[in-house]
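Novice: Pasting a structure below so you can have a look.
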Amino acid sequence: MRLGVYSDLVFQRDGQTLSNNQAFIRYVTSLPPRVSELVLFGRLNPVRGRAPYVLPSDGVRVVGLPHYERVTKIW
């Protein structure tokens, strides 16, 4: 089973490593191997960097949505 999760989180990319600054991501990314693939939908920060919580590479995929600073400044 493949599971998709959307959250208004910002993902950081540092080479092939993806990370996030919210501890919530640790719970969600613990779902594999209970699901065959976890697909996360969220904002991908255009500036390279690393946040405290690194996402596992096995069984987890991120679909980057356009980045915006704040939900109140989408336009």
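Novice: Looking at segment 18-41 only, could you name the residues that are assigned to a strand (DSSP E or B) and over 10 Å from A51 (Cβ atoms)? Spell out how you get there, then give the answer.
Specialist: We begin by selecting, within segment 18-41, every residue assigned to a strand (DSSP E or B); these are 18-20, 37-41.
Listed by number, the residues that qualify are E37, L38, V39, L40, F41.
Novice: Right, here's the next one. (1) surrounded by 11 or more Cβ atoms within 10 Å (Cβ to Cβ); (2) closer than 21 Å to R2 by Cβ: which one isn't true of R34, the others all being true?
Specialist: Condition (1) is where R34 drops out.
Novice: Being in contact (Cβ under 8 Å) with a residue 40 or more places away in the chain and of a type in the set (D, E), is that true of even one residue in segment 14-31?
Specialist: no
Novice: Right, another one. Name the single residue, out of those in segment 37-69 being touching an Asp or Glu at 6+ places or on another chain (Cβ under 8 Å) and charged (D, E, K, R), that is farthest from M1 (Cα to Cα).
Specialist: R48
Yes or no, residue by residue, for (1) basic (K, R); (2) surrounded by 13 or more Cβ atoms within 10 Å (Cβ to Cβ); (3) modelled with pLDDT under 95:
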position: R2; (1), (2), (3): yes, no, yes
position: Y6; (1), (2), (3): no, no, yes
position: L44; (1), (2), (3): no, yes, yes
position: V47; (1), (2), (3): no, no, yes
position: G59; (1), (2), (3): no, yes, yes
position: G64; (1), (2), (3): no, yes, yes
position: H67; (1), (2), (3): no, yes, yes
position: T72; (1), (2), (3): no, no, yes
position: W75; (1), (2), (3): no, no, yes
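Novice: When segment 8-17 is examined, which residues are found to be exposed (fewer than 14 other Cβ atoms within 10 Å of the Cβ) and assigned to a strand (DSSP E or B)?
Specialist: So the first thing to find is which residues in segment 8-17 are exposed (fewer than 14 other Cβ atoms within 10 Å of the Cβ), and the list is 8, 14-17.
Answer for segment 8-17, where residues must be exposed (fewer than 14 other Cβ atoms within 10 Å of the Cβ) and assigned to a strand (DSSP E or B): D8, D14, T17.
The values are calculated or read from the model by the stated rules, or taken from the named source; none is laboratory data. Keep in mind that what you see is a predicted model, and the values were worked out from it rather than measured. Note: ideal-geometry Cβ built from the backbone for every residue, glycine included; neighbour counts use all protein chains shown.
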